[in-house]
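What follows is a single structure, written as structure tokens, with notes after it.
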Amino acid sequence: MSNDILNPEEFEAFVARRKLAWREHAIKMTWEEKIAAIERMWERDKSLKIARDAITKARLEKQQLDLARPDKRIDSTD
Amino acid sequence: MRLALETLLQLQREALLQRFAIGGAIAASFYVEAVATEDLDVFAFITPQPSGFVLLTPLYDRIQLLGGRVHNEHIIIGGWPVQILPAFNPLIEAAVLNATMQNFESIQVPVISADYLAAIALQLGRAKDYQRVDALIAAGACSTQALNALIANYNLQDRWESYVQRHS
């Protein structure tokens, strides 16, 4: 479905229904299920942190490589 | 989580903790949907030393003997960072004394009631605390009468007004 045939009001209503359905589901979960969900959030956050750190590291390495290239050096007279 | 709760109950049996109750996001998750949290907050009456002073060292030493390890302000038990906070004001003291026993994997643990959680959140007054108040109220977890009484008894009227302004 392309964006130009999406009805914004229907889209908003659909999202609102899904959010409500999730909230109703989440509230019905047992305490044990909720604690397990929180523990899964840790795993998700840990994975996101690893991914973010890898991107930052790659970016820094690229910057260092770029700085080492003569044509990218600020003091280049070219 | 189970190991952390069992350790806390063990400390209570050994009288290192006179009384404790689960608070914070983990207690809130009993009443409303789960939100991300990094730790298990425990409010406790810690048994004073014979000198009359309340020291955390004997408690921490015993927890380490039971398999926990200290990491900054937390004690890690069974993978869960646990923060044991002495009940530091009259509202929190009352919240611990009025905690209700709840079941977690067949063990009974004291959990701060939704009304007291909302009152403590109002007292703390940070943005995330007002969100907790809203979640507890929206889920129908609080008793209007009980929360109203706590607001009056602990002078939280201004905080309640702030909450209402934010969420109306």
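The values are calculated or read from the model by the stated rules, or taken from the named source; none is laboratory data. These numbers come from a predicted model, not from an experiment. Glycine gets a Cβ as well: all are built from the backbone with ideal geometry, and neighbour counts include every protein chain shown.
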What about residue B:106, is it over 21 Å from residue B:37 (Cβ atoms), free of Cβ contacts under 8 Å to residues at least 40 places away in the same chain and not assigned by TED's automatic domain parsing to the domain that holds residue B:27?
-> no
Those residues that are hydroxyl-bearing (Ser, Thr, Tyr) and surrounded by 11 or more Cβ atoms within 10 Å (Cβ to Cβ), I need them from the stretch B:35-54; list them, please.
-> B:37, B:47
For the stretch B:1-91, please list each of the strands (runs of 3 or more DSSP E) lying entirely inside it that holds at least 3 residues being away from chain A (no Cβ under 14 Å) and within 15 Å of the chain's Cα centre (by Cα).
-> B:17-23, B:40-46, B:80-86
May I ask you to list pairs of residues, at least six apart or on different chains, whose Cβ atoms are under 8 Å apart, with the first in the stretch A:15-29 being within 12 Å of chain B (Cβ to nearest Cβ) and closer than 13 Å to residue B:139 by Cβ and the second being surrounded by 10 or more Cβ atoms within 10 Å (Cβ to Cβ) and of a type in the set (Asp, Glu)?
-> A:23/B:33; A:26/B:33; A:27/B:33; A:29/B:33
Turns out the helices (runs of 4 or more DSSP H) fully within the stretch B:93-168 with at least 1 residues that are closer than 25 Å to residue B:19 by Cα are B:114-124, B:127-138, B:144-153
For the stretch B:109-163, the count of residues that are in contact (Cβ under 8 Å) with a residue 40 or more places away in the chain and on the phi > 0 side of the Ramachandran plot equals 0
